[in-house]
1. Just to verify a result, which residue in region 142-164, among those that are loosely packed, with under 15 Cβ neighbours inside 10 Å and not charged (D, E, K, R), is nearest to Ile130 (Cα to Cα)?
2. Go through region 165-208 and report how many residues are open to solvent by 60 Å² or more (accessible area, probe 1.4 Å) and within 26 Å of the chain's Cα centre (by Cα).
3. Starting from region 269-291, keep only residues that are farther than 21 Å from Ile314 by Cβ and acidic (Asp, Glu), then list their pairs with residues that are open to solvent by less than 10 Å² (accessible area, probe 1.4 Å) and not in a helix (DSSP H, G or I) whose Cβ atoms are within a distance under 6 Å, requiring at least 6 positions of separation or different chains.
4. Looking at region 241-256, is at least one residue crowded, with 16+ Cβ neighbours inside 10 Å and more than 22 Å from Ile306 (Cβ to Cβ)?
5. Condition (residue is without any contact (Cβ under 8 Å) to a residue 24 or more places away in the chain, out of contact with any helix residue (DSSP H, G or I) (no Cβ under 9 Å at 6 or more places or on another chain), part of a strand (DSSP E or B) and among the aliphatic types (A, V, I, L, M)) applied to region 199-219: is it met by at least one residue?
Amino acid sequence: MKLPSTVESKPSENAEMVELERPNLSKTENGQESSSGDSGTSSVPMSPAPSQQGSDKSGSGGVVLTANASVSTAVAPNSPSSPSKAKNLDASPTSQKQTVVISRRAVATPPPGPLIYTPKENEFGQNFKILPVSCQIRELQTIIRDKNTSRSDFKFYADRLIRLVIEDSLNLLPFRHHEIMTPTGSMYDGLKYERGNCGVSIVRSGESMEAGLRDCCRSIRIGKILVESDADTHEAHVVYARFPDDIQFRKVLLMYPIMSTGNTVIKSVNVLKEHLVQEENIILANLFCTPTAVRTVLSTFPNMKILTSEVHPIAPNHFGQRYFGTD
């Protein structure tokens, strides 16, 4: 290979000088180049291969190198292969070190993916249940979390997710066997809800779930709890509570869509227990909650049940404002 001598070019600022030994190339009788163990001195700029600059297919990072078309020579003054005495580097018999300029390319690191928390089996105990993940549910969660979702779309898809959570929450209520007569005259052994169920919404975001509960249970009674947090101490305290008179004898479906810390739910459950509601008779219907909130609530009330659609480190706390149009 014949390397023409040109004016030496300056390496790039992020280039690294590497000393390499290159065997001498001499021509044989057939005109082919052969290695004799020595080499001339040349400064060869190296740059990323054009075909590899787009991506690193190996996935290991690394530096992809290729030689540029122009090759510059730098020969010692006393070397026989200096421009005044040598015509070509391929005929130089002297041994020199080759200085290669390596241009290092920064490998682009893809941005981190979304934080996804997948609870392990029985991580939160048997009283915690999460909706089976499906493409439909994941789409609804994505639309609700999207900041570009319009208010009308937000409310529409939030109501769909609420209905799915409410429907599954009703499976946790007690049933009894109920035998009926069909129009064909045959008997059918079915199921019927036990009497004595009611709902309690935590104002204000919990009120968004009342319509979904009434769509499934038309005549169900619904109570309310208003819990506010102090602006200075951030301590939650109960402002208002109104329940059915016989709530201590009922199964209570507590509705609260967003649970970030669990403090509001803990205050609400304490109010229910003050009204003599048994802890095991309380079922929390929830849309989004954090792992910290689940651990906090279940460590305080291990006998209550929780049903949610997603456990995620980041809860969409804008839910109430977006749903009621006060954002």
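1. Looking only at region 142-164, we keep the residues that are loosely packed, with under 15 Cβ neighbours inside 10 Å, and these are 142, 146-148, 150-153, 156.
In the following step, the residues that additionally are not charged (D, E, K, R) were identified as 142, 148, 150, 152, 156.
Details: Thr142: 17, Asn148: 27, Ser150: 27, Ser152: 27, Phe156: 22 Å.
Among those that are loosely packed, with under 15 Cβ neighbours inside 10 Å and not charged (D, E, K, R), it is Thr142.
2. Residues flagged as open to solvent by 60 Å² or more (accessible area, probe 1.4 Å) and within 26 Å of the chain's Cα centre (by Cα) within region 165-208 amount to 0.
3. Glu279/Phe301; Glu279/Met304
4. Within region 241-256, the first condition is being crowded, with 16+ Cβ neighbours inside 10 Å, and the residues that meet it are 241, 243-244, 247, 250-256.
Those left that are additionally more than 22 Å from Ile306 (Cβ to Cβ): 244.
Looking through region 241-256, at least one residue is crowded, with 16+ Cβ neighbours inside 10 Å and more than 22 Å from Ile306 (Cβ to Cβ).
5. The answer is no; no qualifying residue exists.
The values are calculated or read from the model by the stated rules, or taken from the named source; none is laboratory data. Treat the numbers as computed from the prediction; the structure is a model and nothing was measured. Here the Cβ is made from the backbone with ideal geometry for all residues, glycine too, and neighbour counts use every protein chain on show. With ligands, DNA and RNA removed, areas are computed over all heavy atoms of the protein, side chains included. Shrake-Rupley method; radii C 1.70, N 1.55, O 1.52, S 1.80 Å.
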